[in-house]
Amino acid sequence: MKNLDDLTLQELLERLESYQHTYIGSVPHDLCIATLNKINRAYEFVSLCDIAGEAFVFKAIDKIDNRPLAIKVALPQYFSKSTKKHRINWGLNPFRGKDIDEPSINRQRFLNGCELHAALYKEIANAQEELDFYIPKLYNFTEEPCLHAEMEWIDGIHAVRWIKEKKDLIYGLKLYLKLLHATKFFHSYQILHRDLKSNNLLISKKDKITIIDWTVSKLLTRENITIVGTPIGTSPYGSPKNVTYKNARDATYPDDIYSLGYVLYEFQNGEDVPPTELDLSDILQIEKYKNELCKTLLEELKPIFSKATHVSEHQRYQILDEFIDDFKTALGKLEKKYPDKKGIGQDVKQQETEDRIKKTEEMLARIGKFIEENLSIGEQI
């Protein structure tokens with residue numbers, strides 16, 4: 001068996017790819033080290049952080065600039081050339097009139113997403129202190145010697161874990177409002193994230209929401225390169241249109257809003273949405289799953305969740321302004337209702353149920369006493 005140092009980068013990536021559907025701890029450190037060394041000898045491996053669908057994400061130190069980096073390395077299965085070709089015939093697509101393999105489309109989508117990421121960072125770079133959200137700096141992205149991007153490392157905690165530790169309902173919902181404002185910001189530049197979920201949200205210093213992983217983001221004014229039948233996003237966060245092999249190339253603002261609906265559940269309850277093998281082409285399955293989630297939500301948030309995650313994009317919030325207005329109204333009511341309430345949404349929901357049962361029991365006791373007193377009067381007469 002070859003020593004890892006004797007393997008080509010392609011061979012190392014293929015070995016890495018064999019661990020794609022395992023947990024992070026099962027991936028050998030020496031394989032990670034050898035792979036990063038082949039990509040750039042200036043990278044000093046620290047840890048494997050995530051196996052993110054079509055790529056692995058590493059934490060590394062740039063030995064030249066002495067700064068921590070997040071390195072996203074694309075897997076060859078999705079980005080190397082394929083014998084399967086597609087004829088591209090729509091609009092101003094850069095591949096128009098050509099037979100192109102799907103991995104080439106994936107590579108272009110990755111590069112487009114990196115361009116948008118870099119452009120967004122440039123927009124917010126001079127206004128960091130004024131904003132409640134953050135987008136990490138993208139230092140570099142390239143196809144040499146393999147497709148990868150190097151980004152600013154963020155010392156943050158995944159949003160759901162942070163909210164769970166805080167155990168403060170109103171705090172979690174105020175963070176969620178920051179996320180809505182962040183989404184409104186990049187939507188104002190006609191940019192869709194297309195993979196909004198709790199794993200892509202970090203809470204960093206000063207309680208800022210940091211949004212990561214922009215490699216499937218899309219500029220609405222740019223001609224589509226997504227092939228009809230290509231799923232985009234993560235179930236159940238991704239809208240049915242985006243992840244059912246149908247119309248991901250036609251994504252619009254309500255598709256990001258659909259994802260935000262599921263994130264609302266997570267920010268209220270301090271837990272990830274339950275894992276599911278949903279068939280997102282089956283509306284009844286989707287509704288059943290949503291109804292189970294909705295039962296755990298506070299009454300003020302249920303209509304917001306239901307509208308944001310409506311299976312029909314035309315019945316959802318169409319823009320963030322509507323969503324934000326409804327959410328701020330609900331948040332105002334909850335702040336008055338629970339001024340000093342600690343505990344995440346499930347705790348508050350349980351307390352709310354117990355309070356309702358207690359009030360019902362007290363009311364029934366009063367009715368029983370009234371009946372008993374009136375019966376005794378009747379007997380005296």
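Values in this text are rule-based calculations from the coordinates and carry no lab data. Small disclaimer: the values here were computed from a predicted structure and weren't measured. Methodologically, a virtual Cβ is constructed for each residue, glycine included, from the backbone with ideal geometry; neighbour enumeration extends over all protein chains shown.
Summary table
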| quantity | calculated |
| --- | --- |
| Nonlocal amide H pairs with C49, under 5 Å, H built at 1.01 Å | V57, F58, K59 |
| Reach of K174 by Cα under 15 Å, taken over aspartates and glutamates that are not fewer than 8 positions away in the same chain | D132, D207, E266, E300, D325, D326, E335, D340 |
| For T252, residues with placed amide H under 5 Å, excluding near neighbours | none |
| ³J(HN,Hα) computed for each position of segment 141-153 - Karplus, 6.51 cos²θ - 1.76 cosθ + 1.60, integer Hz, glycine/proline x | 8, 7, 9, 10, x, 8, 5, 7, 9, 10, 10, 4, 7 |
| ³J(HN,Hα) computed for each position of segment 30-37 - Karplus, 6.51 cos²θ - 1.76 cosθ + 1.60, integer Hz, glycine/proline x | 5, 5, 5, 4, 4, 5, 5, 4 |
| Loop-located chymotrypsin sites (Phe, Trp or Tyr not before Pro) in segment 9-57 whose Cβ has at most 13 other Cβ within 10 Å (DSSP) | Y23 |
| Residue-by-residue Karplus 3J(HN,Hα) for segment 113-126, coefficients 6.51, -1.76, 1.60, Hz, glycine and proline x | x, 5, 4, 5, 4, 4, 5, 5, 4, 4, 5, 9, 4, 8 |
| Fewest-first sequence of V46, V57 by Cβ atoms within 10 Å of each Cβ | V46, V57 |
| Sequence-distant residues sharing a close amide H with E54 (under 5 Å, placed H) | none |
| Neighbour-count ranking [beta-carbon atoms within 10 angstrom, fewest first] of S204, S235 | S204, S235 |
| Loop trypsin sites (Lys or Arg not before Pro), segment 257-313 (other Cβ atoms within 10 Å of the site Cβ: 16 or fewer; DSSP) | K295 |
| Sequence-distant aspartates and glutamates (8 or more away, or on other chains) whose Cα lies within less than 20 Å of K2 | E11, E14, E17, D30 |
| Descending semi-axes in whole angstrom, ellipsoid equivalent of segment 271-330, from the Cα gyration tensor | 21, 15, 9 |
| Exceeding the 21 Å Cα-Cα cut-off - candidates K205/K328; K38/K63; K137/K205; K59/K218 | K205/K328; K59/K218 |
| All aspartates and glutamates inside 16 Å of K288 as judged from Cα atoms, apart from same-chain residues fewer than 8 positions distant | E277, D279 |
